[in-house]
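To start, the structure under review is shown below, and the notes come after it.
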Amino acid sequence: MSIKSKTAKNICVIGAGHVGLVAAACFAHLGHKVICVDNNKKRINGLKKGIMPFYEPGLEKLVINGCKKEKLSFSFSISGSVKCSDLIFIAVGTPPMPDGSVDLIAVENVVKIIANNLNDYKLIVSKSTVPVNTGKRLLKIIENNKKGKNSFDVASNPEFLREGKAIFDFFHPDRLIFGVGSQKAANLLHEVYSKIKTEKIVTDINTAEMIKYASNSFLAMKVSYINAISCLSDKLGADIKKIAHAIGADKRIGFDFLNAGIGYGGFCFPKDVQAFHYTAKKLGYDFRLLDEVQKINKNQPKLFVKRIEERLGTLKGKNFSVCGLSFKPNTSDIRFSPAIKVINLLLAKKAAVYVYDPQAIDNSKKILIGNVTYCKKPYLKSDIDCLCVLTEWAEFEKIDFKKLKKQIPGLLVADGRNTLNREKIISNGFGYIGIGR
Ligand code: UDX
């Protein structure tokens, strides 16, 4: 069924993961008619009943509203959904391979099915993060597999949304990138995003694909840079928070992504930096800067645990209350989470950990092995030796250290995200370890 408004389109989003589901719900909110497709039946059945597959603030409301207004629906069938759509956004997973390359099987399979179902002109847009040159490859796959003479275009529209702030980011992006090979494709993307007021940067497809990697690698580099400075800061007794603020106050640098901590994680930065490094190598450029970015990041959890060990002595038999499992706050995502790395290091040293996270407990149960107790709130009993904050959920800032003073005197507080009030902790007689301070 077609929709009436001039710029409203029939859109198919393939992949109901973080990128796809958020995009589908937000496109529907903009007034487009959207079908979101995924081959995970459990996920699609859940979504049809309003059950979200992951936690993302504001998403549930948007999905439920979209379905109520009949702007959003869910399906397992790519073929049927492609046939009734003007644009098809591909947002399936592109997981990392052990050699640093990107696994494009899912994208390629989807594209073959799209090719088989071209019943009219379609714009096929990649939202998944794919290596440079993938758009051109997809174009060839469609040419080779399509039945009939229907025309199509391929485009790249990389997604920059952050987990936990995805809905806000979708509606308020700093810029939109339209990597296209024709004016028709550019016009269609302009229409789809006509209600979003931001700079729309039109490029060729390769440039758009490269922008995504270059952006994420730059941000990861910023995090690793401040983490490297935090190591020096530790050695010199300087304060990384003041340093970061002062550096960031220079407008050419900016304040963002200068929070020192136990490292970056999630499903984008680690895999994108690795893939960009791999692509550069393949092209004959040794991007050693990115090697170093990754090395610094890998080392942060180890340095943190080493500093705890220096204060507590052997960790064997010590009890840790761990606050935070997700790779950052406001998400249930623990993929490549530095918090999990720290916990695994503690467990390897035969410590006992009592873990709490507002959203990520269920996911963690699937992967943590060893002396782990899952708690419904921060474990703050007298038998703990160290309280570790590994993710900066706002609720951890409310821990009442004045009250804890009587309960657990002399406790060591290890703040892996520099998120707690250090002065308050120290003035109440606790030990404190931060990152670079
Ligand atoms: C990132 C990009 O920001 C987004 O544009 C892209 O589309 C997907 O990848 P996301 O992975 O959701 O988004 O998280 P982000 O907020 O960027 O943080 C990434 C990691 O860096 C987190 O582990 C975070 O804790 C860490 N980080 C970030 C720091 O350690 N310090 C900082 O100052 C900022």
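The values are calculated or read from the model by the stated rules, or taken from the named source; none is laboratory data. On a predicted model such as this, the values are computed, not experimentally measured, just so you know. Cβ coordinates were reconstructed from backbone atoms using ideal geometry, including for glycine residues, and neighbour counts include every protein chain displayed. Accessible surface is based on the protein model in full, side chains and every heavy atom, while ligands, DNA and RNA are left aside. Shrake-Rupley method; radii C 1.70, N 1.55, O 1.52, S 1.80 Å.
Go through the residues of region 301-316 one by one and say whether even a single one is touching a strand residue (DSSP E or B) at 6+ places or on another chain (Cβ under 7 Å), free of Cβ contacts under 8 Å to residues at least 40 places away in the same chain, farther than 23 Å from residue 132 by Cβ and away from the ligand (no atom under 13 Å from the Cβ).
no
Would you check if residue 210 is within 14 Å of the ligand (Cβ to nearest atom), open to solvent by 40 Å² or more (accessible area, probe 1.4 Å) and in contact (Cβ under 8 Å) with a residue 40 or more places away in the chain?
For residue 210, the condition - within 14 Å of the ligand (Cβ to nearest atom), open to solvent by 40 Å² or more (accessible area, probe 1.4 Å) and in contact (Cβ under 8 Å) with a residue 40 or more places away in the chain - is not met.
Yes or no: residue 343 open to solvent by 10 Å² or more (accessible area, probe 1.4 Å) and within 16 Å of the ligand (Cβ to nearest atom)?
So residue 343 fails the test.
When you go through (1) open to solvent by 40 Å² or more (accessible area, probe 1.4 Å); (2) within 16 Å of the ligand (Cβ to nearest atom); (3) outside any helix (DSSP H, G or I); (4) not hydrophobic (A, V, I, L, M, F, W, C) one by one for residue 241, which number turns out not to apply?
Unmet condition: (3).
Can you confirm whether residue 256 is within 10 Å of the ligand (Cβ to nearest atom), within 22 Å of residue 339 (Cα to Cα) and buried (at least 18 other Cβ atoms within 10 Å of the Cβ)?
Taking the combined requirement at face value, the residue does not satisfy it.
Does any residue of region 177-198 turn out to be within 16 Å of the ligand (Cβ to nearest atom), under 30 Å from residue 358 (Cβ atoms), in a loop (DSSP other than H, G, I, E, B) and open to solvent by less than 60 Å² (accessible area, probe 1.4 Å)?
Within region 177-198 (the criterion being within 16 Å of the ligand (Cβ to nearest atom), under 30 Å from residue 358 (Cβ atoms), in a loop (DSSP other than H, G, I, E, B) and open to solvent by less than 60 Å² (accessible area, probe 1.4 Å)), the answer is no, since none of the residues qualifies.
Pull up region 17-50, narrow it to residues that are among the β-branched types (Val, Ile, Thr) and part of a strand (DSSP E or B), then point me to the one that is nearest to residue 7 (Cα to Cα).
34
Going through region 75-95 one residue at a time, which ones are under 23 Å from the mean Cα position of the chain (by Cα) and among the hydroxyl-bearing types (Ser, Thr, Tyr)?
The answer is 94, and nothing else.
With the structure loaded, tell me whether residue 31 is surrounded by fewer than 21 Cβ atoms within 10 Å (Cβ to Cβ) and among the small types (Gly, Ala, Ser) or whether it fails that test.
Yes, satisfied.
What are the residue pairs meeting all of these: first residue in region 150-169, first residue of a type in the set (A, V, I, L, M) and at pLDDT 95 or above, second residue open to solvent by 30 Å² or more (accessible area, probe 1.4 Å) and not in a helix (DSSP H, G or I), Cβ atoms under 8 Å, and 6 or more apart or on different chains?
Note: pairs meeting the criteria are 154/181; 155/181; 167/57; 167/58.
Looking for whichever is within 15 Å of the ligand (Cβ to nearest atom) and either surrounded by fewer than 20 Cβ atoms within 10 Å (Cβ to Cβ) or within 21 Å of residue 327 (Cβ to Cβ) (or both) here; the options are 284, 265. Which one fits?
265
For region 359-393, give me the residue count where each residue is over 15 Å from residue 412 (Cβ atoms), open to solvent by less than 40 Å² (accessible area, probe 1.4 Å) and either within 16 Å of the ligand (Cβ to nearest atom) or of a type in the set (Lys, Arg) (or both).
4
For residue 202, state whether it is touching a residue at least 24 places away in the same chain (Cβ under 8 Å), more than 14 Å from the ligand (Cβ to nearest atom) and either out of contact with any Ser or Thr (no Cβ under 9 Å at 6 or more places or on another chain) or closer than 19 Å to residue 91 by Cβ (or both).
yes
Restricting region 323-342 to residues that are within 15 Å of the chain's Cα centre (by Cα) and not in a loop (DSSP other than H, G, I, E, B), which is nearest to residue 391 (Cα to Cα)?
339
Taking region 119-170 on its own, how many of its residues are away from the ligand (no atom under 16 Å from the Cβ) and open to solvent by less than 20 Å² (accessible area, probe 1.4 Å)?
Residues meeting the conditions: 9.
Of all residues being within 11 Å of the ligand (Cβ to nearest atom) and open to solvent by less than 50 Å² (accessible area, probe 1.4 Å) in region 222-237, which is nearest to the chain's Cα centre (by Cα)? Just the residue, please.
Among those that are within 11 Å of the ligand (Cβ to nearest atom) and open to solvent by less than 50 Å² (accessible area, probe 1.4 Å), it is 223.
Of the residues that sit in region 65-91 and are of a type in the set (S, T, N, Q) and open to solvent by less than 20 Å² (accessible area, probe 1.4 Å), which one is farthest from residue 179 (Cα to Cα)?
81
Could you pull out the residue among 57, 53 that is touching a residue at least 12 places away in the same chain (Cβ under 8 Å), under 22 Å from the mean Cα position of the chain (by Cα), surrounded by fewer than 18 Cβ atoms within 10 Å (Cβ to Cβ) and part of a loop (DSSP other than H, G, I, E, B)?
When all the criteria are applied, what remains is 57.
Can you work out which of the residues in region 341-391 that are in contact (Cβ under 8 Å) with a residue 40 or more places away in the chain and among the β-branched types (Val, Ile, Thr) is nearest to residue 318 (Cα to Cα)?
If we take residues in region 341-391 being in contact (Cβ under 8 Å) with a residue 40 or more places away in the chain and among the β-branched types (Val, Ile, Thr), then 384 is nearest to residue 318 (Cα to Cα).
Polar (S, T, N, Q), open to solvent by 40 Å² or more (accessible area, probe 1.4 Å) and touching a strand residue (DSSP E or B) at 6+ places or on another chain (Cβ under 9 Å): is that true of residue 330 in this structure?
So residue 330 fails the test.
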